1. Is it fair to say D303 is in the same structural domain as N265 (by TED's automatic domain parsing), over 28 Å from A181 (Cβ atoms), in contact with a Ser or Thr (Cβ under 9 Å, 6 or more places away or on another chain) and surrounded by fewer than 19 Cβ atoms within 10 Å (Cβ to Cβ)?
2. Given the residues G321, G313, which is the only one that is under 20 Å from the mean Cα position of the chain (by Cα) and either more than 30 Å from L43 (Cβ to Cβ) or part of a strand (DSSP E or B) (or both)?
3. Pick from N175, N233, N239: which is at pLDDT below 95 and either surrounded by fewer than 23 Cβ atoms within 10 Å (Cβ to Cβ) or of a type in the set (S, T, Y) (or both)?
4. Looking at Y214, Y221, Y201, which is the one that is among the aromatic types (F, W, Y), within 20 Å of the chain's Cα centre (by Cα) and assigned to a helix (DSSP H, G or I)?
5. Scanning for something at pLDDT 95 or above, under 30 Å from D5 (Cβ atoms) and part of a strand (DSSP E or B), does the stretch 123-139 turn up at least one residue?
6. Report, ordered by the first and then the second residue, all pairs with beta carbons closer than 6 Å, sequence separation of six or more or different chains, a first member in the stretch 133-159 that is without any contact (Cβ under 8 Å) to a residue 60 or more places away in the chain, and a second member that is in a loop (DSSP other than H, G, I, E, B) and away from the ligand (no atom under 16 Å from the Cβ).
7. Tell me, please, whether a residue that is in contact (Cβ under 8 Å) with a residue 24 or more places away in the chain, assigned by TED's automatic domain parsing to the domain that holds R219 and buried (at least 24 other Cβ atoms within 10 Å of the Cβ) can be found in the stretch 3-12.
8. Answer with yes or no whether E89 is over 21 Å from K180 (Cβ atoms), in contact (Cβ under 8 Å) with a residue 60 or more places away in the chain, surrounded by fewer than 24 Cβ atoms within 10 Å (Cβ to Cβ) and not assigned by TED's automatic domain parsing to the domain that holds P341.
Amino acid sequence: MQFIDLAAQYQHLKTKIDKRIQTVLEHGQYIMGPEVKELEQKLADFVGVKHAITCANGTDALTLSLMALEVGEGDAVFCPTFTFFATAETIAFEKATPVFVDSNPDTFNICPQDLEARILAVLAEGKLKPKAIIAVDLFGLPAEYEKLEALAKKYDLTLIEDAAQGFGGSITNANGQVRKAGAFGDIATTSFFPAKPLGCYGDGGAIFTNDDDYAELIRSYRVHGKGKDKYDNVRIGMNSRLDTLQAAILLEKLAEFPTELENRNKAAQQYTQELSSTYKTPSVPKGYVSSWAQYTLQSDDRDSAMAKYKAQGIPTVIYYGTCMHEQTAFADLGHKLGDFPIAEKLARSVFSLPMHGYL
Ligand SMILES: *Cc1c(COP(=O)(O)O)cnc(C)c1O
């Protein structure tokens, strides 16, 4: 069996996707064609935000957001140490300093208590200016945004939601108000990498915000810092557009996405029912919905657990075996083993089972 069965999804959507691709081949507007605009409108409606801006990938989506927030040298940007490299990479790419935060062992997400401790430590040291937080919806589960938004406000930080994995998830608060992943913080980002909950057939990404000024800046940065047009350049930007062909594919995948999310949630429920007596299964707090980018178990004897599945023809993968503070690229930050005990324990004990909408 496949870990993520993209072929089964394509078979299911083949007629519609092929037709969409054919339409693009016929009109020939490969860059910023009509499908891009149509997708941006549909993404904004799906998430319930004013602006959805597509771009070349989820990493660029984070970089463009940090550019709009004017994050740079001397700034501290807080992010979980247990995440995919791009979260921390983009902070350093903008010449700011990533300040890592430990995780919640039940949800895998950034720990708000440790976050506040790390903010206070940066303030006490007085070298860096606390500027922003990047929270990650790890494995599909939205982070604790009520607490994170309160902390952002308390310390005057901007908040970015990295929803590369969380797109499709949501939180319903105590008043019954539903907020979808992509609608948290000042700016949210996602990725359409094929293996993400909503993936295309190549690289792709998007940025979400309700703020008109951020949206205008990001639209400019995305196309060479354009002013009136791409030959009128008012700032230094980048080339980070989503291909029309990828937008066309995503339009059909987005239409099917709610059904796939239901299937992913059913599969996760069944996994939990059958495995919770053997492994530590992922917990979903009350009111939260996960998009199940990964279904992740914890075991003190991960190697034999994975070997057992392998013997039965069931693929498993470790996300993630190395925390950010353990990465060679961040060695100059001077961290040592034990600085983030929960994340380190997760990195040694997690493994993920097959998960997709056609399981
Ligand atoms: C995949 C991912 C990204 C980067 O997305 P790309 O489209 O691969 O550039 C960023 N953050 C997280 C948490 C991711 O999982």
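The values are calculated or read from the model by the stated rules, or taken from the named source; none is laboratory data. Here the structure is a predicted model, which means the values were calculated and not measured. Ideal geometry is used to build each Cβ from the backbone, glycine not excepted, and the neighbour counts take in all protein chains shown.
1. Spelling it out, it is not the case that D303 is in the same structural domain as N265 (by TED's automatic domain parsing), over 28 Å from A181 (Cβ atoms), in contact with a Ser or Thr (Cβ under 9 Å, 6 or more places away or on another chain) and surrounded by fewer than 19 Cβ atoms within 10 Å (Cβ to Cβ).
2. Only one candidate passes the filter, namely G321.
3. N175
4. Y214
5. Yes, because at least one residue in the stretch 123-139 is at pLDDT 95 or above, under 30 Å from D5 (Cβ atoms) and part of a strand (DSSP E or B).
6. If the second residue must be in a loop (DSSP other than H, G, I, E, B) and away from the ligand (no atom under 16 Å from the Cβ), the pairs left are I133/L157; L159/D186.
7. Looking through the stretch 3-12, none of the residues is in contact (Cβ under 8 Å) with a residue 24 or more places away in the chain, assigned by TED's automatic domain parsing to the domain that holds R219 and buried (at least 24 other Cβ atoms within 10 Å of the Cβ).
8. Yes: the conditions hold for E89.
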